[in-house]
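What follows is a single structure, written as structure tokens, with notes after it.
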Amino acid sequence: MEKVFEIYIKTTPERLWEAITDPELRAKYNFGVGVDSDWSPGSSYESVHPAAGIKIAAGENLEVEPPRRLVQSFTALWSDDVKGEGTSRVTWEIEPVGDSCQLTVTHDQLPEGANSELFGGWPMILSGLKTLLETGEELTTPGSLRYSGAGAEEWS
Amino acid sequence: MDEVFKALADPTRRSLLDELFERDGQTLSELEGRLPMTRFGVMKHLRVLEEAGLVKTRKRGREKLHFLNPVPIRLVHDRWVSKYAEPWTAALSGLKQELEKEE
């Protein structure tokens, strides 16, 4: 199964790449969860929720071509249900368009009928990423706050 | 954002999105088979959805597959829906947590 998510963000490829790979910036729009890696090709990465102390996801950086392309294997770890879905693949592609960037996230190699939790968070993540890069602010809709900071009990 | 509202303001286009939500990555022929409409009609609606960014296409060999891109709907939600509707949901879910904590 394959899922495609696309968004236009008024920023440069370099800033967008930084927002995707920097743990602190990432946590601002990714349900409060950053990502730790040295970002060399073939390296591993891991996402741990800082408040709840729960492993959220892990995998390998299969292709790393800053600031245009990142291919990662992805294993969701936030619940027993999603752990059972195995490993899928996430491809980030950044394409400059005028004064903006087209960011496409392709989440594929998902099992048929995969649990929608695996890919259902992408629209909210990408919307928060756009808000962060275009306004410097974090998205404050109640839904986006549910899993970060004070709302971390939702993970447990 | 006008294009997104315009694209969503048609029942056939909303059913096309529902079709792709159920089963993503369909060809034009598959979608045509599911709707009481000519191939030309389906193509016309798909083009409006593509222009609004709600449908993305990918080539697979000789086939063109159509994928639902839900991100523009999320942007509409974050800008236009959550402000008006979500505080209630958030307040109620907060109340629920408080009550359950006390048990």
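Output the residues belonging to the range B:25-64 that are in contact with a Lys or Arg (Cβ under 9 Å, 6 or more places away or on another chain), surrounded by fewer than 19 Cβ atoms within 10 Å (Cβ to Cβ), closer than 21 Å to A:Gln109 by Cβ and not polar (S, T, N, Q).
B:Arg58, B:Lys64
Please enumerate the residues belonging to the range A:81-125 that are among the polar types (S, T, N, Q), part of a loop (DSSP other than H, G, I, E, B) and within 19 Å of A:Asn61 (Cα to Cα).
A:Gln109
Going by what's in this entry, would B:Arg74 be described as surrounded by fewer than 19 Cβ atoms within 10 Å (Cβ to Cβ) and either more than 22 Å from A:Phe5 (Cα to Cα) or among the basic types (Lys, Arg) (or both)?
Against the criterion (surrounded by fewer than 19 Cβ atoms within 10 Å (Cβ to Cβ) and either more than 22 Å from A:Phe5 (Cα to Cα) or among the basic types (Lys, Arg) (or both)), B:Arg74 does not qualify.
Considering only the range B:25-81, state which residues are touching a His at 6+ places or on another chain (Cβ under 6 Å) and either among the aliphatic types (A, V, I, L, M) or not assigned by TED's automatic domain parsing to the domain that holds B:Ser15 (or both).
B:Val55
Just name the residue that is surrounded by the most Cβ atoms within 10 Å (Cβ to Cβ) out of those in the range A:75-94 that are touching a helix residue (DSSP H, G or I) at 6+ places or on another chain (Cβ under 8 Å) and not polar (S, T, N, Q).
Looking at the filtered set, the residue picked out is A:Ala76.
Within the range A:107-136, how many residues turn out to be in contact with a Ser or Thr (Cβ under 6 Å, 6 or more places away or on another chain) and surrounded by fewer than 19 Cβ atoms within 10 Å (Cβ to Cβ)?
1
I'd like the full set of residues that are modelled with pLDDT of 95 or more, small (Gly, Ala, Ser) and farther than 21 Å from A:Tyr29 by Cβ, limited to the range A:89-113.
Across the range A:89-113, the qualifying residue is only A:Gly98.
For a quick check of your reading of the model, give me the residue pairs whose first member lies in the range B:19-34 and is modelled with pLDDT under 95, whose second is surrounded by 15 or more Cβ atoms within 10 Å (Cβ to Cβ) and acidic (Asp, Glu), with beta-carbon atoms closer than 6 Å and at least 6 apart or on different chains.
That search, which allows pairs on different chains as well, returns B:Arg34/B:Glu19.
Among the residues of the range B:38-89, which ones are assigned to a helix (DSSP H, G or I), closer than 19 Å to B:Asp24 by Cβ, aliphatic (A, V, I, L, M) and at the interface with chain A (Cβ under 10 Å from one of its Cβ atoms)?
Passing the criteria: B:Val71, B:Ile73.
Going residue by residue through the range B:90-100, is there one that turns out to be assigned to a helix (DSSP H, G or I) and assigned by TED's automatic domain parsing to the domain that holds B:Met1?
The answer is no, given that none of the residues of the range B:90-100 is assigned to a helix (DSSP H, G or I) and assigned by TED's automatic domain parsing to the domain that holds B:Met1.
The values are calculated or read from the model by the stated rules, or taken from the named source; none is laboratory data. Because the structure is predicted, anything quoted here is derived from the model rather than measured. Here Cβ is always computed from backbone atoms with ideal geometry, including for glycine, and neighbour counts include all displayed protein chains.
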